[in-house]
Amino acid sequence: PCYYTPKLNQRLLSTSTFAKTHPDCETSMKGNAMTVKKGDQTIDAFVNPRNNLPMSTCFRKEGIDSVAANLGESVVSLQNQNLSEPQKELLRWHYRLGHVGFRTIQFIMRTGILASSESKRRLHKAASKLSHQDLPKCSACQFGRQTSRPVPGKVTSIVKDRAGILSADQTHPGQLVFIDHFVCTTRGRTFKGYGIKSSSSTTRRAPESYRGGCIFVDASTGFVHIEFQCHLNAYETLQAVENFERVARDNGIIVAKYQSDNGAAFTSKAFKDELTRKGQMAQYSSAGSHHQNGKAERGIRTVMAMARTMLLHSAIHLSLIHI
């Protein structure tokens, strides 16, 4: 039994009638959700902060095929019933404050400075009481932790006093620029032409596909510039340097020195002669000392991670369109 309200988007369920109709179901109200349990099956209806009623999303049998479209919803949207409203509020401020730790956000919420109304204060109070097991997961933070771990048994120590030493005394833009090559095993098409040309193409002037590029990181400002290359040789590297310096000159910056590893393109005679002609200096990392060019190495990691994330989002979007 229920009330017939054709203009209402939701259907109201009487808990007492439900308990009489299904006496074998165990219904309980704990915290911010109503739990209905029957054997090994459990349904959680979380409390909606707008109406203070437990709500759950249901689908008809004929509409099951379109359920996958819900993957496009945001994690903190009202349609997501997997997280409670305090957990969503924590995630919202986690995104807004630049992925600050959840414990720090909970400490700020206890002070009440983030709330602008009494309902928000109650919500923040509930969010600040979430235990470690109930804290939500941030996909970006989880992805950032997916890095290679140290070899078991190997003890490493970080000298915190040396933090930022690569950029020490580099107060002017262009005073020192870190440069390095990156390689992408998946070939990418060039900006001119169509498709991806094979390297064994019989056409003499057939455009080739990108296989990597050159990254530039300014020591003073942290500015990152990318130049794609079909070959990681000295000729295309000098073209990449020329393109980067053109961008720098447009902003009133003159490059004085480059820091690189001992790659063949950077140690070639053509590269050194070109820097000498322009009155620029070049310094190289010692053998096996990749940390001396750490700015460029970290820039490569950041750019590659962003590219993989964008590729993943594009794949999910295409799959939703297909569905």
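The values are calculated or read from the model by the stated rules, or taken from the named source; none is laboratory data. These numbers were taken from a predicted model, which means no experiment stands behind them. Accessible surface is based on the protein model in full, side chains and every heavy atom, while ligands, DNA and RNA are left aside. Shrake-Rupley method; radii C 1.70, N 1.55, O 1.52, S 1.80 Å.
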Multiply the residue separation of ALA282 and ARG301 by 0.36 nm, subtract the distance between their alpha-carbon atoms, and state the gained length in nm to one decimal. 4.5 nm
May I ask you to work out the translational diffusion coefficient for the range 1-48 at 10 °C, viscosity 1.306 mPa s, via Stokes-Einstein with Rh from the Kirkwood sum over Cα pairs, reported in whole µm²/s? 130
Probe radius 1.4 Å, ligands and nucleic acids ignored: give me the carbon and sulfur share of the accessible area of the range 226-307 as a rounded percent. 56
Listed here are the pairs LYS154/LYS295; LYS38/LYS137; LYS30/LYS129; LYS38/LYS129; LYS88/LYS129; which of them are more than 21 Å apart at the Cα? LYS154/LYS295; LYS38/LYS137; LYS38/LYS129
